[in-house]
Amino acid sequence: MSAAMQRSLIHQPPASLRFQNLVIRSLSHVMLLLFSVIIVYPVVWMVFASLKTDGEIVTNIWGPPQRLVFENYLQAWQTAGLGFALVNSVIVSVTVVALIMVLASLAGYALARFRFRFATFILMVFVLTMQAPVPIIPLYAMLVQLGLTNSYPALILPMVAGGLPLSIFIFQAYFRTLPRELVEAAIVDGCTPVLAFLRVVVPISMPVFATVAILEFLGAWNQYFLPLILIRSPEMRTLPLAIQVFFYDWGRTEWAQVFAALTIGSVPMIIVYLLMQRQFIQGLTSGALKG
């Protein structure tokens, strides 16, 4: 027997260990498949229901539609006024995400890189406010006195204030993992701290920016309570509020149109996640990999 064959036999794992690894991989794949079905099938079922007639939803609950009824989407779009609601949701969500990205990234960078008094205390205040309930009555009274109810600022400003603590915490934790030498080298080359942040830190921090953007976009897009309290005119309704009003009006008889409206409201969230999923996963795993 040659030396190469002897080395291969020495490094080859025993049959029991190979069988154990095979069983573990098989079980992990089965569990991942099961979780994928549990998560994905409700979305698929909603799309199926939106393409059926009301009678088929009752008689064919779990299966795909026998005939595609695309008219449900047109009727839901027109009846529920989803055009105005979609535009309002896009304006509010995009503005909220943009403001949070700017404010939270700067605050997180300052807390991670600069040493000043009460920095730890300020960070702990942000952490504690993550669990603080929304003071809806004082908030409503303040917005009424300022004349901001039934407007975009009435939705944007509270959402930004509510999303900042978690976003600042995420940015601060990520920026602490970046090597200080990168910023110091940029400052030596003539950059100010602000330019070093914009030209060095931001380009290499796209994963955490994508993570915060997805989390805050989903939160702003699905926000229902604030529009319910602060919005009165139908033209200012966001998509969740418009769908809820549509459900109260038609939910007992027009289930297919209700599911069509829900599908329309879900499409933008799915698109945003699909476009940014790689950066989102990198942002979630970067801290573990660097630690």
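The values are calculated or read from the model by the stated rules, or taken from the named source; none is laboratory data. Fair warning: this is a prediction, and the values are worked out from it, not measured in the lab. We place every Cβ from the backbone using ideal geometry, glycine too, and count neighbours over all the protein chains shown.
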Note: among 78, 20, 66, just one is without any contact (Cβ under 8 Å) to a residue 60 or more places away in the chain, at negative phi and not in a helix (DSSP H, G or I), namely 66
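Taking residue 143 as the residue in question, decide whether it is surrounded by 15 or more Cβ atoms within 10 Å (Cβ to Cβ), among the hydrophobic types (A, V, I, L, M, F, W, C) and outside any helix (DSSP H, G or I).
Values: surrounded by 15 or more Cβ atoms within 10 Å (Cβ to Cβ): yes; among the hydrophobic types (A, V, I, L, M, F, W, C): yes; outside any helix (DSSP H, G or I): no.
No; evaluated as a whole, the condition is false for this residue.
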Any residue at all in the stretch 107-130 that's of a type in the set (Val, Ile, Thr), under 26 Å from residue 204 (Cα atoms) and crowded, with 17+ Cβ neighbours inside 10 Å?
no
Residues to consider are 133, 138; find the one that is without any contact (Cβ under 8 Å) to a residue 24 or more places away in the chain, more than 20 Å from residue 210 (Cα to Cα) and assigned to a loop (DSSP other than H, G, I, E, B).
133
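Please enumerate the residues belonging to the stretch 172-200 that are over 24 Å from residue 125 (Cβ atoms) and touching a residue at least 40 places away in the same chain (Cβ under 8 Å).
Applying the first criterion (over 24 Å from residue 125 (Cβ atoms)) to the stretch 172-200 yields 179-192, 194-196, 198-200.
Those that are over 24 Å from residue 125 (Cβ atoms) and touching a residue at least 40 places away in the same chain (Cβ under 8 Å): 180, 183.
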As an exercise: evaluate residue 98 against (1) under 25 Å from residue 244 (Cβ atoms); (2) at pLDDT 95 or above and give the number of the one condition it does not meet.
(1)
Filter the stretch 25-59 for residues that are among the hydroxyl-bearing types (Ser, Thr, Tyr) and within 18 Å of residue 263 (Cβ to Cβ); which is surrounded by the fewest Cβ atoms within 10 Å (Cβ to Cβ)?
41
Scanning the stretch 60-76 for residues that are at pLDDT below 90 and within 18 Å of residue 42 (Cα to Cα), which turns out surrounded by the most Cβ atoms within 10 Å (Cβ to Cβ)?
60
